[in-house]
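Okay, structure first, notes after.
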Amino acid sequence: VNNSVVLSKEETKISSMFSSIAKSYDLINDLMTFGLARRWRRQLVDWSDVSSTDAVLDCATGTGDLALVFAQRMNSKNLLNSKNKDNTAPITGIDFCKEMLELAPSKAKSRGYNINFVQGDVMNMPFKDKQFDVISIAYGLRNVSDPIIAIREMARVCKPGGRILILETGASEPTVNGFFIRLFFKYAVPFIGGIFSGNRSAYEYLHKSSSVFPARRKLVEQFQETELFSSIEYRSLLGGASYLYKLTI
Ligand SMILES: C[S@@+](CC[C@H](N)C(=O)[O-])C[C@H]1O[C@@H](n2cnc3c(N)ncnc32)[C@H](O)[C@@H]1O
């Protein structure tokens, strides 16, 4: 983890919001999704069809949980010094928030996983073109100041035939589930988040940003406009509590 990342004003604001909730992030994440976020990260990894020789990049990795699920699936346990065919660590996680990222390496190490954590901006990544087979981002895209720039950047570092997997919330479907989910995120999440992190406004922001972020067809249309992908698919999770997207280059 280094300190030399240059951030815009808006990005500095986002990053310092995550700094303030970093220590309680994992706990609150489990509480407010009843552990479902864990199941959905596993579903993302299932859908990616990752193989043990793939090079994987987890964007906005935060405290590294999705990178850890990839490591588990790729059976890289006890391979602390393993390298893939390009002679790099098989899994890389990137995030611009030092305080979130700092928590990740010890989690990986204690499980014996070889993951390379890099501090950096998802909209401008320090990686060569066409370097990764599988690229992921969980609950990160809506926080990035320009999501489509981030998607273009992910496509740049993705190999031909590679895929980008996204797990994200967004404007929920007008279903009964969707109605209760909105109530829960509007009232319960800022309350729980406020108690455990001491920063209620961060969790109010997280709710507001997810109720306005496009989902399903609307987001798919934005991805299509880039003309970068041969196929774009999505799945709703629990009637719109979250969505999974798979973009194939
Ligand atoms: C809600 S957390 C998600 C963490 C993790 N992926 C997970 O599944 O729990 C969002 C993360 O996005 C990161 N982030 C937001 N914008 C970013 C950017 N432009 N570049 C890198 N990281 C960014 C934040 O620092 C934060 O750690």
Query raised in the report: Shape call for region 91-222 from the C-alpha gyration tensor, a ≥ b ≥ c root eigenvalues: rounded (a/c under 1.5), prolate (a/b greater than b/c) or oblate?
Result: oblate
Requested in this report: Could you work out how far apart the two model spin labels at residue 226 and residue 103 are, taking each label as a point 7 Å from the Cα in the direction of the beta carbon, and quote it in nm?
Outcome: 2.8
Query - Distance histogram in 5 Å bins (all Cα pairs of the chain, percent per bin) - result: 1, 6, 14, 19, 21, 18, 13, 6, 2, 0
Requested in this report: Only Cα pairs under 8 Å and at least 6 apart count here; give the relative contact order of the chain as a rounded whole percent.
Outcome: 20
Query raised in the report: In region 194-244, what GluC sites (Glu not before Pro) fall in a loop by DSSP, with at most 10 other Cβ atoms inside 10 Å?
Result: 227
**Report entry** Environment charge of residue 129, counting only residues whose C-beta is closer than 11 Å and scoring Lys/Arg +1, Asp/Glu -1
**Finding:** +3
Report summary line: A student applying the Cα gyration tensor rule (rounded when a/c is under 1.5; otherwise prolate if a/b is larger than b/c, oblate if not) would label region 181-249 prolate
Requested in this report: Please identify every one of the trypsin sites (Lys or Arg not before Pro) in region 87-135 that sits in a loop by DSSP and has no more than 12 other beta carbons within 10 Å of its own beta carbon.
Outcome: 128
Report summary line: Per its Cα gyration tensor (rounded if a/c is under 1.5, else prolate when a/b beats b/c, else oblate), region 19-73 is best filed as oblate
Query - Gain upon complete extension [residue 187, residue 13; 0.36 nm per residue less C-alpha separation] - result: 60.3 nm
Report task. May I ask you to list the aspartates and glutamates whose Cα is less than 17 Å away from that of residue 13, ignoring any residue fewer than eight positions away on the same chain? Result -> 95, 99, 121, 146, 204
Requested in this report: Apply the Karplus parameterisation 6.51 cos²θ - 1.76 cosθ + 1.60, with θ equal to phi minus 60°, to every residue of region 186-200 and state each ³J(HN,Hα) to the nearest whole Hz, in sequence, with x for glycine and proline.
Outcome: 6, 10, 6, 5, x, 5, 5, x, x, 5, 7, 9, x, 10, 4
Report summary line: Across region 93-192, qualifying lysine pairs (alpha carbons under 21 Å, at least 8 places apart or different chains) come out at 4
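Computed from the coordinates by the stated procedures, all read-outs in this text should not be read as laboratory data. Since the structure is predicted, the reported quantities are computational estimates derived from the model, not experimental observations. Heads up, the Cβs are rebuilt from the backbone with ideal geometry, glycines too, and the neighbour counts pull from every protein chain shown.
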